Amino acid sequence: MKIKQCLMQLSQSLAHQRSLLSNALFAAFTLLVMVSCKTPDLLLSADLKSDNMAYEVKGRQGVLINQVISFGPYTTSKIKRGWTMSYDIPFILRFQGSKERLSFSQFTSDSLKANVFCVGKLKSAEYEIIDDLFGIPVRYENTFSGSIVQTTANFWDFIIYNPDAGYGSGDYATSGFAKSRTGETIEIKPIKFLENHKGLKSIDNYGFEFSIENKAIAAVSIMNNGKVWMSKQIDPEHRLVLSALCSAILITSNLGQDFKSEY
């Protein structure tokens, strides 16, 4: 009888151990799947990679009614498909009648605020406006542009030419910049490589990197929910401008989409 009880106890113990092992293996497998499904990071420039704060983006997916974008200490107001205010600023005045507009306010933890006005695909009649404002010829409607306004004396205009990339090359390759009223320039470059996947170049853009005088200072990923990297060395004013640029890009999601005005 005692032998039978011992055998039963041994059998139960082995069964329990098998159950624990099975659970452990299942947990390990689940973790492996989660890691493999995690959105890979962008391949950043060395100077930004070694000195940045990274923020996951909230508000980019799901229902877009009353949409608000936030990442770390940066957040927007509710996104409006249209413009409800105006400034005596060339970009805003020239595109006041455009049908493809969106606007929002950008806030930072430094208590700074900027109002952002964007225009999606251009009409052929609007090509000349871009040429006049930015000094570059435009022959392609897939151009995303806008203005980041703190005051009528302190604003930045920006443009991203062929933001969807696709098979664009030469004159149709993705490129862009933001320029302040005083002439300072932030270059906007597409990112087509992922971290640990350096050999796989994408046809489309995974995101964009921002640089001043060839030094990368921020980047934004447009994959899945999105992600933002910001250099620790930049001042509050530039953080405001860069966060506004990132929000504008994240809001438009697929930058080639139409967004009709509500107004």
*Out of the residues in segment 40-70 that are part of a loop (DSSP other than H, G, I, E, B) and hydroxyl-bearing (S, T, Y), state the one that is surrounded by the fewest Cβ atoms within 10 Å (Cβ to Cβ).*
S50
*For residues that are assigned to a helix (DSSP H, G or I) and either outside the structural domain of N115 (by TED's automatic domain parsing) or crowded, with 24+ Cβ neighbours inside 10 Å (or both), tally how many sit in segment 220-249.*
9
*Starting from segment 144-170, keep only residues that are under 22 Å from S111 (Cα atoms), then list their pairs with residues that are at pLDDT below 75 and surrounded by 24 or more Cβ atoms within 10 Å (Cβ to Cβ) whose Cβ atoms are within a distance under 6 Å, requiring at least 6 positions of separation or different chains.*
S147/F91; D157/F91
*Determine which member of the set E195, E209 is modelled with pLDDT of 95 or more, charged (D, E, K, R) and closer than 21 Å to D47 by Cβ.*
E209
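The values are calculated or read from the model by the stated rules, or taken from the named source; none is laboratory data. Model, not experiment: these values are computed from the prediction. Positions of Cβ are generated from backbone atoms using ideal geometry, with glycine treated the same way; all protein chains shown enter the neighbour counts.
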